[in-house]
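Report on one structure; see the data block that follows.
A short reminder: the numbers here are calculations on the coordinates, not readings from a lab. The model shown is predicted, which means the values in this text are computed figures rather than measured ones. When we count neighbours, we look across all protein chains shown, and the Cβ atoms used for this are built from the backbone with ideal geometry, even at glycine.
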Amino acid sequence: MRFSEVSESVQLAWKSMSANKMRSLLTVLGVLIGVSALIGMVAIIQGLNKSMSEQIESLGSNAIFVSRFKPGIQINGSGRSEEERNRKRLTVEDAMAIKELCPSVKAVSPSKDWWQYPEGNVARYRGNEAKRPEYSGVVPDYSIVYSLNLSHGRFFNDTDMQFKTYSAVLGADVADALFPREDPLGKVITLNTGKFAVIGVAEKRKSLLGQSMDNYVLIPLSTYEKIHPGDEGVWIGVQPKSKELISQAIDEMTELLRRRRGVAYDKPEDFAVFTQEALMELYHKITDAVYLVMIVISSIALLVGGVGVMNIMLVSVTERTREIGIRKAIGARRKDILRQFLLEAVAMTGTGGVLGILTGFLIAMIVNATTPLAATVSGLSIAIGFSFSVGVGLFFGIYPATRAARLDPIEALRYE
C-alpha cells in the first residue's frame, strides 16, 4: 500500500465528513462521551488512590491495628454475623498485655473515642469555638504508633496518665480556631463540659478528600475513663520494633489474644489483626467497583457511537452508490473502496477519541482546581482511550465498507 493511496483515502474521508457535518457530529459525540468518561474517571481514581495511600500511611509507618472486626464497609451495622455482634470488646488490659508479652512490639496505643449526641463535640475558648472535633483518650505511645509530631509543646507522659491530668493536645485546626492570634500553650479550654489545659499542638496534616484530618482533641486515656466510665471497647494501634518483625509481631499478638479471650484451638479468631495493606486492599475493592461501573458507562457510550457509525456509513454507501460505480469503472479496486470507507469510519471515531481525551484533561483540570485531589491523566489511559475509539471505528465500519467494496460497478452506475 503506497502512501499516496492512503493519503488520498484520508482526504476523501475528511471530505465526506465535512459534507455531512451534523451526521458526523452526532457520531463523534457518542465516542467523545465514552472516551472522556474513561479518561476523566481514571484520572479521578488515580488522584483518590494517591490521597488515600498518603492518609493510610499517615496512620503510622509499619503500624498494625487490632479491633473486634476485620476492616470492611458496613451500613448501620448490617452485614455483621451474630457471632461478630456478640464478640467481647477489646480492653486496655489487652493492649497492655501486648506491650508486656510480645517481644517484637515496640509501642502500643489503646484509644477510645467520644461523640456527643446529637450536635457533636464542641471545644471553646472565650468567644472562639471549634465545632465537631474528634475527641479521644490516648496513651503516651500514641505519638509513636501514629507518627504524630508536635509543632510546639509536649505530648502526654506517664505522669499525666498516673495522675489523670486534665491536659489536652490540640489538632492544628482546633488550635487555629480557638487561638487565632495567641499561643495556646497553658491556656484552659472547655471541651463539651470539661476544662483542659493545653500542653501541645500537633503539626498540620494533609486533608482526605477535602476533609481536614486536624480537627481533633486528645486527652490522657486515664482521664478519659474517669470522665466517661463504662465498658466501651478500645481501638489498638501497635508499632513493631522493625518492618521485618511485622509478621512475627502479628503472630505473637494473635496467639496472646486467643489465650486471653479463651478462643478454642479449632475456632477462628474473634478479633482482627491487620496492617495498612489490609486497609488499602479494602479501598482498592471499592475503587475496583467504581472502575467496573466506569467501564460499563464508557462501553455503552462507545457502543452507541459505534452503532451510529455503522448506520451513517450504510446510509453513506447508499447515497454514494453511483460514486462507487464510477470509481470502480475507472480502475478502483475492492480494497481501495474498502480502505476508503474504513478510514471514514475510523476518522469519525478517532476524532471523537481525540476530543474525548481533551475533555478528559479538562475534567482533570477542573477536579484539581476545585478539590484537593491530584487528578492526573496517565499515558496509559490516553493510549487505551484512543485505541478503543479507533477499534470501534474498525469494528463497526467493516460491514458498511465491505458492502461498498462488493457493489457491482454496472449495477452501481444504474443506481438513481
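Holding the Cα-Cα limit at 25 Å, pick out from 50/131; 106/267; 50/285 the pairs that are longer than that.
50/131; 106/267
Inverting the pair-averaged 1/r between distinct Cα atoms of segment 88-270 gives 17.6 Å as its Kirkwood hydrodynamic radius. The tail of the calculated P(r) for the chain beyond 37 Å holds 48 percent of all Cα-Cα pairs. Taking amide H positions as modeled 1.01 Å from N, with prolines and chain starts lacking one, the residues under 5 Å from residue 187 and 5 or more places away or on another chain are 198.
Looking at segment 301-407, the trypsin sites (Lys or Arg not before Pro) that sit in a DSSP loop and have at most 12 other Cβ atoms within 10 Å of their own Cβ are 333, 406.
Here 135, 291, 283, 265 are placed in order of increasing Cβ neighbour count within 10 Å, fewest first, which gives 265, 291, 283, 135. Highest mean first, the peptides 137-143, 238-244 sorted by other C-beta atoms within 10 Å per residue fall in the order 137-143, 238-244. Relative to the Cα centre, the charge distribution of the chain, modelled as +1 at Lys and Arg Cβ and -1 at Asp and Glu Cβ, gives a dipole magnitude of about 1340 debye.
With the charge dipole of the chain set up from +1 on Lys and Arg Cβ and -1 on Asp and Glu Cβ about the Cα centre, the Cα lying farthest toward the positive end among the listed residues 393, 98, 66 is that of 393.
The H on the amide N of residue 138, modeled in the peptide plane, is under 5 Å from the matching H of 219, 221, each at least 5 residues off or on a different chain. Partners of residue 204 within straight-line reach, counting aspartates and glutamates whose Cα lies under 20 Å from its Cα and excluding those fewer than 8 residues away in the same chain: 54, 57, 129, 134, 141, 173, 176, 182, 183, 214. Counting only DSSP beta bridges with both residues in the chain, the antiparallel share comes to about 80 percent.
Per-residue Karplus couplings for segment 292-307, computed as 6.51 cos²θ - 1.76 cosθ + 1.60 with θ equal to phi - 60°, are listed in order as 4, 4, 4, 5, 4, 4, 5, 5, 4, 4, 5, 5, 4, x, x, 5 Hz, Gly and Pro entered as x. The magnitude of the dipole of segment 88-270, with charges of +1 and -1 set on the Cβ of Lys/Arg and Asp/Glu and taken from the Cα centre, is near 300 debye.
Rounded to the nearest 500, the 222 nm mean residue ellipticity of the chain from helices alone is -18500 deg cm²/dmol, with -39,500 (n - 2.57) taken per DSSP H run of at least 4 residues. Using the alpha carbons alone, the radius of gyration of segment 119-160 stands to its Kirkwood radius in an Rg to Rh ratio of 1.04.
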